[in-house]
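Notes for the one structure printed next.
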Amino acid sequence: MRDNSAGLELLPPDPQRTMSPRIWMLAVLAVLLVLVVAALATIHRNAENTGQVHAPAPYAAQLQLSGLQVSEATNGTGGQSVYVDGIVRNAGRQTLTAAAVQATFQRTDGSAPYRETLPLTLVRTREPYVDLQPISAAPLQPGTEREFRLILDAVPAAWDEKVPDVRVVRADVR
């Protein structure tokens, strides 16, 4: 036995850890997939929100939007989100399966209005929080109405804080 008066014991060196090339390849593919999805989402969003005025959908005359109210809240990234709540009524004879609307916000600085086109989402529940769903999850039958909410995250600070003009620019029916 050797006297170890310092109380130190020698430990064997840690085994060298390596990652297999397969794990590296999977990690690189996962990162690339996330980047592609983010790029596609950005391209799609920019294509829809060019500020161009869209013509109303042929079935739009059968969809009545009422009770529009605007509110603001701070979103998770520290920016402002604008909510537009209202009621959509299907006064036509067909079932609405999807819709998109264009919201036009006037600006106080006299510059061109801000326009954003986005899907019309229905309010599923309000308790304990507002839960939204696409129209396709619960198609809007003829003669019925539902609450909706639009969430806009890029409304410029110079908007006049009035209710925007909201009109249906796409309506899928069956």
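The values are calculated or read from the model by the stated rules, or taken from the named source; none is laboratory data. Because the structure is a prediction, the values reported are computed rather than measured. Methodologically, a virtual Cβ is constructed for each residue, glycine included, from the backbone with ideal geometry; neighbour enumeration extends over all protein chains shown.
Any residue at all in region 132-140 that's closer than 21 Å to T74 by Cβ and of a type outside the set (K, R)?
Checked against the condition, which is being closer than 21 Å to T74 by Cβ and of a type outside the set (K, R), region 132-140 yields at least one hit.
For region 81-93, check the following and say yes or no: at least one residue is at negative phi, under 15 Å from the mean Cα position of the chain (by Cα) and modelled with pLDDT under 80.
Among the residues of region 81-93, not one is at negative phi, under 15 Å from the mean Cα position of the chain (by Cα) and modelled with pLDDT under 80, which makes the answer no.
Wholly within region 95-169, which strands (runs of 3 or more DSSP E) include no fewer than the required count, namely at least 3 residues that are touching a residue at least 12 places away in the same chain (Cβ under 8 Å) and within 16 Å of P56 (Cβ to Cβ)? Full working, then the answer.
Numbers: elements: 96-105, 114-119, 121-125, 131-134, 145-152.
Filter on region 95-169 gives 96-105, 114-119.
Can you name the residue in region 138-154 that is surrounded by 14 or more Cβ atoms within 10 Å (Cβ to Cβ) and under 20 Å from the mean Cα position of the chain (by Cα) and is also nearest to P119 (Cα to Cα) among such residues?
L150
Just to be sure, is L68 buried (at least 16 other Cβ atoms within 10 Å of the Cβ), within 21 Å of G51 (Cβ to Cβ) and modelled with pLDDT of 95 or more?
Criteria met by L68.
Would a scan of region 37-47 turn up a residue that is at pLDDT 95 or above and not in a strand (DSSP E or B)?
No, the conditions are met nowhere in region 37-47.
Can you tell me how many residues within region 72-127 are among the aromatic types (F, W, Y), in contact with an Asp or Glu (Cβ under 9 Å, 6 or more places away or on another chain) and buried (at least 16 other Cβ atoms within 10 Å of the Cβ)?
1
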